Amino acid sequence: MKKSVFLGALTVSSLLAGAAAAATLDDVKARGTLNCGVVTGLAGFGAPDANGRWEGFDVSYCRAVAAAVLGDPEAVEFIPTTGKTRFTALASGEIDVLARNTTWTFSRDTDLKFDFIGVNYYDGQGFLVPKGLGVTSAKDLDGATVCIQTGTTTELNLADFFRANNISYEPVPIETNAEAIQQYLAGACDTYTTDASGLAATRATFEAPGDHVVLPEIISKEPLGPLVRHGDNEWGDIARWTLNALITAEELGITSANVADMAGTPGTNPEINRLLGTEGELGAMIGLESDWAKNAIAASGNYGEIFEKNIGENTPIGIARGLNAQWTNGGLLYAPPFR
Amino acid sequence: MSDMHSHSVGFVRDSVIPPAPPPALESGIVKWMRTNLFAGWSNTLLTLVALYALYLVLSVLVPWITNGVWNASNIRECREIMQGSGGGCFAVIADRWQQLIFGFQYPEESYWRPSLAFILLFIAVAPLLFSKIFPRNLLILTAVYPFLAFYLIWGGSILIPIMAMVGFGAGYLVYSKLVTNSFAAGFFGGVAAAVVVWYLGGFITGAMPGFLALEPVASRDMGGFMLNMILGVICVSLSLPFGILLALGRQSDLPVVKGICVVFIEFVRGVPLITLLFVANVVLAYFLPPGTSFDLILRVIIMITLFASAYIAEVIRGGLAALPKGQYEAANSLGLDYTQSMRLIILPQALKISIPGIVNVAVGLFKDTTLVSVISMFDIVGLIRGPILASTDWNGVYWELFGFAALLFFIVCYGISQYSQWLERQLATDHR
């Protein structure tokens, strides 16, 4: 399935590459809304709440882009996509940007003719096991039955890991996270493997989370990031620098609370001034208003605020910053300078 | 001999014994249990096993329902209240029932519109389903209903459904004028009249977009069980006429018509519905020029209708084949032409035979509408699997949600099946 989708997407998207390369920015402005591809539902990353309002880590990025481009964080049409429909939706032009915890890989960036515009979450594949299993390392999992979501990169990583360590396993293919939880709790598989963020979210929903542990091994690099169509570099720049603006805002201490003040009058820090448009012409260089970054940050806060609100340690999901801390705090977030 | 007799017989009963109640073991509940539950050791054993199985199920199910929690704001609170009593966390249904029924994007102040459309559905189909009870001219309600329902659910100016209806009306008028000459003239004349009216009506609706307008709701905002009902009702009612045409076409003597029908039916029946849905969602987007938004619900309706009509065609073909050849010959000998003989003699009988099969397809189709969750539409299953289970409040509640969905589907499907059995009894004219 996955392969055929890839091949189909490849063929058709290469046919359309020329036609769809026309300015997405103009389309979005003419339409008045941003079509943002999101997940159909993933705890913390994107789901409609009880009032039908989309909330989540990836969703906040969509709102930031809409605020930067159109000045209104609510001018977003959220288009839910599944793991199987997301790439065709982007390639066919149904959505302008895909923010759906998608792993940046070589073939997706090149073969499928997409451009990943950065990494908004550094993830990695881990293993969840019951404490009763008495396993302390993923290398002890010889002969284990493993619940694994089909059609994702996790499936391939799993095969690589077990082959590299010369141990055997028996996959239990499942379709959704919900199904995986049922199977795992019913004992149909010894361990459940998916991205560590997903495991943390899953473990938090258990009746007795303390009876389960996430093993220390992270067996893959899963840089998750938003992506756009290949070929429209102006639009790619906007998407990329909106993400960078959110990251830089955290580094410079600009929050949704103080952004209005800081943008009102030029301050002492020239980079803040350039970012918020009180100095220089950065907005005009990417075809936006000079207050584009201010709007993006005001939409739902800087990167750190978005993280803490949706998936941080005070939420039921409770993910520590870890790799996703600023580079000044030992993490990997390192936005290029606004200059 | 006579005195001998008086000596040998000591007592002669000269009155009837008063009737006594049957022995306790042979009457009432005891007898019923002895014959039905405990007749012989093997039956006794099976009864005991069945009772034990029943006990196992009920011992979980009853506390699940009676200890269920209806008032909580998230699953953690639910668990706190229950303290392991084995109850269900029904609070999720209390919290999210509007989403489960209407989807999460349908404007809340407009919930009365689809609800009203749902109630009117019963009024509209009643003359159709119970034609002996309701007078025939109530069928006009049935004819108006699709346009009214469209207006209620999708909103927008009332002129659009009215123009559509006027177009159909004009087409029918022209058809009924011309059909006495020939069916083909009537058919094409009717289509042409409808197209002309629609084209002219386009100017009127374009000029007055706000006339008696309800707040328009985009197709993408439909969801929940309402979406399943919309898809189910529209696709079943559209696939029936298409199915009849396909079944007749497959029996046709015209090689081109027959060929097209056979290829279509065999192709569609040979392809899983889910691939057709993927085509509707994913592949069609490539063939349309960028920027055109060919409504996703419309695409899905077309695909499901194609799928269902192929199946219904085969069911009806079975009914046609079951009719004795004498019926066809009788119709011919009366001097009826093809359309008359089909309409008056063949189809009424063939359709009656096909009722169980058609209902089977309809029920299956209605349940298949949940497949749209795979192409990221938020029908009731898509809503459960996506937004609700992804919210940190309710992640981990499965039985209650899927049980609720199953209950809704059961009510509808059981209703359909009961109606079809009643209809069969009504139409039973066979030799018993």
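Between A:Phe116, A:Phe87, the distinction of being surrounded by fewer than 24 Cβ atoms within 10 Å (Cβ to Cβ) and touching a residue at least 40 places away in the same chain (Cβ under 8 Å) belongs to A:Phe116 only. Every test in (1) farther than 22 Å from B:Arg299 by Cβ; (2) surrounded by fewer than 17 Cβ atoms within 10 Å (Cβ to Cβ); (3) touching a residue at least 40 places away in the same chain (Cβ under 8 Å) is passed by B:Ile274 save one, and that test is (1).
Only one of the listed residues (A:Val76, A:Val135) is out of contact with any Phe, Trp or Tyr (no Cβ under 6 Å at 6 or more places or on another chain) and assigned by TED's automatic domain parsing to the domain that holds A:Glu305. That residue is A:Val76.
Name the residue, out of A:Val228, A:Val214, that is in contact with a Ser or Thr (Cβ under 8 Å, 6 or more places away or on another chain) and closer than 18 Å to A:Asn101 by Cβ. Let's see the steps before the verdict.
Values: A:Val214 fails: in contact with a Ser or Thr (Cβ under 8 Å, 6 or more places away or on another chain).
Answer to the selection: A:Val228.
One residue stands out in region A:319-338 among those that are within 19 Å of A:Trp241 (Cα to Cα) and out of contact with any Leu (no Cβ under 9 Å at 6 or more places or on another chain): the one that is surrounded by the fewest Cβ atoms within 10 Å (Cβ to Cβ), namely A:Pro337.
How about region B:13-111: which helices (runs of 4 or more DSSP H) wholly inside it have at least 2 residues that are within 30 Å of B:Asn395 (Cα to Cα)? So that I can check it myself, show each step before the final result.
Details: elements: B:28-36, B:40-66, B:75-82, B:91-102.
It comes to B:40-66, B:75-82, B:91-102.
If you check A:Ile218, A:Ile167, A:Ile148, which single one turns out to be in contact with an Asp or Glu (Cβ under 6 Å, 6 or more places away or on another chain) and part of a loop (DSSP other than H, G, I, E, B)?
Working: A:Ile218 fails: in contact with an Asp or Glu (Cβ under 6 Å, 6 or more places away or on another chain); A:Ile148 fails: part of a loop (DSSP other than H, G, I, E, B).
Within the list A:Ile218, A:Ile167, A:Ile148, the selection yields A:Ile167.
What do you reckon, is A:Leu7 under 14 Å from A:Val65 (Cβ atoms), in a helix (DSSP H, G or I) and either modelled with pLDDT under 50 or among the aliphatic types (A, V, I, L, M) (or both)? Here the answer is no, as A:Leu7 does not meet what is asked.
When B:Pro290 is tested against (1) surrounded by 18 or more Cβ atoms within 10 Å (Cβ to Cβ); (2) at pLDDT below 90, exactly one condition is not met: (1). Filtering region A:308-329 to residues that are out of contact with any Ser or Thr (no Cβ under 9 Å at 6 or more places or on another chain) and modelled with pLDDT of 90 or more leaves A:Asn324, A:Ala325, A:Gln326, A:Trp327, A:Thr328, A:Asn329.
Quick one: in region A:292-318, which of the residues that are in a loop (DSSP other than H, G, I, E, B) and touching a Gly at 6+ places or on another chain (Cβ under 7 Å) is nearest to A:Thr242 (Cα to Cα)?
So in region A:292-318, the residues in a loop (DSSP other than H, G, I, E, B) come out as A:301-302, A:311-318.
Narrowing further to those that are touching a Gly at 6+ places or on another chain (Cβ under 7 Å): A:311, A:315, A:317.
Working: A:Ile311: 20, A:Thr315: 25, A:Ile317: 26 Å.
This residue is A:Ile311.
Quick one: count up the residues across region A:245-289 that are assigned to a helix (DSSP H, G or I) and among the β-branched types (Val, Ile, Thr). Even if it seems obvious, please write down each step before you answer.
From region A:245-289, those assigned to a helix (DSSP H, G or I) are A:245-252, A:259-264, A:270-276, A:282-285; that's our starting set.
Remaining after also requiring among the β-branched types (Val, Ile, Thr): A:247-248, A:259, A:272.
Residues that pass the stated criteria total 4.
In region A:56-77, what residues are under 15 Å from the mean Cα position of the chain (by Cα) and over 23 Å from A:Leu276 (Cα atoms)? Correct list: A:Gly56 only. Evaluating A:Ala64 against the criteria (1) closer than 19 Å to B:Arg220 by Cα; (2) more than 9 Å from chain B (Cβ to nearest Cβ) leaves one unmet condition, (1). Consider B:Ala94 carefully, then state whether it is out of contact with any His (no Cβ under 9 Å at 6 or more places or on another chain) and free of Cβ contacts under 8 Å to residues at least 24 places away in the same chain. In short, no. Pairs meeting the criteria (first residue in region A:155-183 and over 22 Å from B:Ser376 (Cα atoms) and more than 14 Å from chain B (Cβ to nearest Cβ), second residue part of a helix (DSSP H, G or I) and of a type in the set (Phe, Trp, Tyr), beta carbons under 6 Å, at least 6 apart or on different chains) are A:Tyr169/A:Phe162. If you take the residues of region B:59-88 that are free of Cβ contacts under 8 Å to residues at least 12 places away in the same chain and exposed (fewer than 12 other Cβ atoms within 10 Å of the Cβ), which of them is nearest to the other protein chains (Cβ to nearest Cβ)? Filtering region B:59-88 for residues that are free of Cβ contacts under 8 Å to residues at least 12 places away in the same chain and exposed (fewer than 12 other Cβ atoms within 10 Å of the Cβ), the one nearest to the other protein chains (Cβ to nearest Cβ) comes out as B:Gly84.
Scanning region B:382-432 for residues that are in a loop (DSSP other than H, G, I, E, B) and more than 8 Å from every other protein chain (Cβ to nearest Cβ) gives B:Trp394, B:Val397, B:Leu427, B:Ala428, B:Thr429, B:Asp430, B:His431, B:Arg432.
Within region A:49-61, track down each residue that is surrounded by 24 or more Cβ atoms within 10 Å (Cβ to Cβ) and within 9 Å of another protein chain (Cβ to nearest Cβ).
Taking region A:49-61 and keeping what is surrounded by 24 or more Cβ atoms within 10 Å (Cβ to Cβ), we get A:56-61.
Residue satisfying the conditions is A:Gly56 alone.
Checking the condition closer than 30 Å to A:Glu308 by Cα, of a type outside the set (Lys, Arg), surrounded by 16 or more Cβ atoms within 10 Å (Cβ to Cβ) and away from chain B (no Cβ under 14 Å), which residue from A:Val97, A:Val135, A:Val146 passes? Break it down into steps so the answer makes sense when it comes.
On the way: A:Val135 fails: closer than 30 Å to A:Glu308 by Cα; A:Val146 fails: closer than 30 Å to A:Glu308 by Cα.
Of A:Val97, A:Val135, A:Val146, the one residue that is closer than 30 Å to A:Glu308 by Cα, of a type outside the set (Lys, Arg), surrounded by 16 or more Cβ atoms within 10 Å (Cβ to Cβ) and away from chain B (no Cβ under 14 Å) is A:Val97.
If you check A:Gly187 against the conditions, is it assigned to a loop (DSSP other than H, G, I, E, B), surrounded by fewer than 21 Cβ atoms within 10 Å (Cβ to Cβ) and in contact (Cβ under 8 Å) with a residue 12 or more places away in the chain? For A:Gly187, the condition - assigned to a loop (DSSP other than H, G, I, E, B), surrounded by fewer than 21 Cβ atoms within 10 Å (Cβ to Cβ) and in contact (Cβ under 8 Å) with a residue 12 or more places away in the chain - is not met.
Report yes if some residue within region B:282-297 is of a type in the set (A, V, I, L, M) and within 30 Å of B:Tyr175 (Cβ to Cβ); otherwise report no. So that I can check it myself, show each step before the final result.
Of region B:282-297, the ones of a type in the set (A, V, I, L, M) are B:282-285, B:288, B:296-297.
Right, trim to within 30 Å of B:Tyr175 (Cβ to Cβ) and you get B:297.
Among the residues of region B:282-297, at least one is of a type in the set (A, V, I, L, M) and within 30 Å of B:Tyr175 (Cβ to Cβ), which makes the answer yes.
Does B:Val372 meet the test of being more than 7 Å from every other protein chain (Cβ to nearest Cβ), surrounded by fewer than 24 Cβ atoms within 10 Å (Cβ to Cβ) and β-branched (Val, Ile, Thr)? Lay out the reasoning, then the answer.
Working: more than 7 Å from every other protein chain (Cβ to nearest Cβ): yes; surrounded by fewer than 24 Cβ atoms within 10 Å (Cβ to Cβ): no; β-branched (Val, Ile, Thr): yes.
Considered against the rule, which asks whether it is more than 7 Å from every other protein chain (Cβ to nearest Cβ), surrounded by fewer than 24 Cβ atoms within 10 Å (Cβ to Cβ) and β-branched (Val, Ile, Thr), B:Val372 comes out as no.
Number of residues in region A:224-244 that are charged (D, E, K, R) and within 15 Å of A:Trp292 (Cβ to Cβ): the value is 3. Take the conditions (1) within 22 Å of the chain's Cα centre (by Cα); (2) at pLDDT 80 or above; A:Ala50 misses just one of them, which is (1).
The values are calculated or read from the model by the stated rules, or taken from the named source; none is laboratory data. None of the values given here were measured: they were computed from a predicted structure. Here the Cβ is made from the backbone with ideal geometry for all residues, glycine too, and neighbour counts use every protein chain on show.
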